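Let me begin by presenting the structure, written as structure tokens, before commenting on it.
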Amino acid sequence: MTRFLLPLAAFIVLVVFLAVGLGLKPREVPSPLIGKPAPIFQSQLLHEPGKMLASQDNLGKVWLLNVWASWCVSCREEHPLLVELARSGIVPIYGLNYKDKRDLALQWLNQYGDPYTVSVVDPEGRIGIDYGVYGVPETYVIDKNGVIRHKQIGPVTVESLEKKILPLIKELQG
Amino acid sequence: MNPALPFTLLKNSYPQKISGLRNTFSAKQFILLLVFVLLAPLSWAKEAAPVAEDPVIEKRMLALSEDLRCLVCQNESLAGSRADFANDLRREIREQMQANKSDREIIDFLVARYGDFVLYRPPVKPATYLLWGGPFVFLLTGAGILFFYLKRRRKQIEEPPLTEEQHRHAEALLKENKGNNA
């Protein structure tokens, strides 16, 4: 009997390892920027190319930075939620229009609604590199001191909003 | 030049029977086909990524990005990936090299933004001790098990020395055997 116990135990350990491995999400690489000051950027507004927004202008308030593009299919998925969130007025959402064309981006916002306080453009993906963006959409929660507190990789969902983002915003604003 | 042409040429003159193949191609057509086939790679050459002005930097950049992971297509290196993202990061590395940054500085720059995950060779630190040491632990454990197993087995195989009585008995048997043979 005991001679079967050892292989059985080894097999169970293996199965547990594989089961845990299946549950991991290799696509979601934890950002080393969490808890660090958000990289400073200054860029043109999507709607008014003559005007600039600097990230430091947002010091003193909690805000979301949402990386989006008109070519991004998953952005369409989260967009209604963002529009709703913007309408609620809980938190200002700033858009980072990532590697996009201005006319296509504007057309996209016209079609699906514009939840952004403003959107800044990042046509070459340089601000994206500073923020460690590797997939769109990504959403950052940035606190009053300009520190990144959370990064949502992939589309914002009802679940991620309710479980993580909204409670965190409430806590940071309080 | 239309690269599709050789194929329509082939289709139009496709033989009804294999034996007819020799007759359906004239020498002129064959040479034309050969020229098209040989020229075809030239038309693709235009699509290749633009070569940087400085071949030294390009070489250094490729060597460095060979060890970096493309986060979009995670089993590809930055050097090998054709993803747009990899392209951007290669550009970034190229620019930093042009600005005289050392390889170390560039790697630190990328790790600060993308984490250790961007490295194909993760650094040795408490979180990765198991990763780096694990194989050696397995090796030592295996060697230990093998050692003790062999030791035990040798003991089992080893014949216990004969007692005085067994010795005499064996000799008697051997003698008897000899007597029978003679």
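Straight-line cross-link partners of A:Lys164 among the lysines, defined as a Cα under 19 Å from its Cα and at least 8 positions apart when in the same chain: A:Lys25, A:Lys36, A:Lys61, A:Lys144, A:Lys151.
Spin-label model, B:Val124/B:Ser102: points 7 Å from Cα along the beta carbon direction are separated by 2.0 nm. Subtracting the Cα-Cα distance of B:Ala27 and B:Asp54 from 0.36 nm times their residue separation leaves 5.2 nm of extension gain.
Taking segment B:107-177, which GluC sites (Glu not before Pro) meet the DSSP loop condition and have no more than 11 other C-beta atoms within 10 Å? Don't jump to the answer; show the numbers that get you there.
Details: sites: B:Glu158, B:Glu164, B:Glu165, B:Glu171, B:Glu176; in loops: B:Glu158.
For GluC sites (Glu not before Pro) across segment B:107-177 that sit outside H, G, I, E and B with at most 11 neighbouring Cβ atoms in 10 Å, the list reads B:Glu158.
A cut-off of 5 Å between modelled amide H atoms, ignoring neighbours fewer than 5 places along the same chain, links A:Gln152 with A:Thr139, A:Tyr140, A:Val141. Dipole size of segment B:55-118 about its Cα centre, with +1 on Lys/Arg Cβ and -1 on Asp/Glu Cβ: approximately 140 debye, rounded to the nearest 20. When only alpha carbons are used to place a centre, segment A:1-34 and segment B:116-182 end up 31 Å from one another.
Spin-label model, A:Leu8 to A:Ser74: label points 7 Å out along the Cα-to-beta-carbon direction sit 4.3 nm apart. The B:Lys155 and A:Ala19 beta-carbon pair, evaluated with R₀ = 35 Å, returns a calculated FRET efficiency of approximately 0.30.
Working ranking of peptides A:112-122, B:80-90, A:23-33 by packing, defined as the average number of other Cβ atoms within 10 Å per residue, highest first, is A:112-122, B:80-90, A:23-33. Can you list the lysines whose alpha carbon sits under 22 Å from that of B:Lys28, skipping same-chain ones fewer than 8 residues off? Qualifying lysines at Cα under 22 Å: B:Lys11, B:Lys17. Cysteine residues of the protein assembly as shown whose C-beta has no other cysteine C-beta under 4.7 angstrom: B:Cys70, B:Cys73. In the protein assembly as shown, taking the dipole from charged Cβ atoms about the Cα centre, the farthest positive-side position among A:Gly174, A:Pro137, B:Leu33 is held by B:Leu33. Ordering A:Trp108, A:Gln44, A:Gly21 by Cα displacement along the dipole of the protein assembly as shown toward the positive end leaves A:Gly21 in first place; charges were set at the Cβ atoms of Lys, Arg (+1) and Asp, Glu (-1).
Projecting the Cα positions of A:Val121, A:Leu8, A:Gly60 onto the charge dipole of chain A (unit charges on Cβ atoms of Lys, Arg, Asp and Glu, taken about the Cα centre) puts A:Leu8 furthest along the positive direction.
Within chain A, the whole DSSP H helices whose Cα atoms reach 30 Å or more along their own axis and whose mean Kyte-Doolittle score is at least 1.6 are A:2-23.
The distance linking segment B:77-96 with segment A:103-149 is 21 Å (Cα centroid to Cα centroid, whole angstrom). The mean number of partner chain beta-carbon atoms within 10 angstrom of a residue's beta-carbon across peptide B:113-121 is 4.
The numbers here are math on the coordinates, done by the rules we state, and not lab data. This is a predicted model, so every value here is computed, not measured. Cβ: placed from backbone, ideal geometry, glycine included. Neighbour counts: every protein chain shown.
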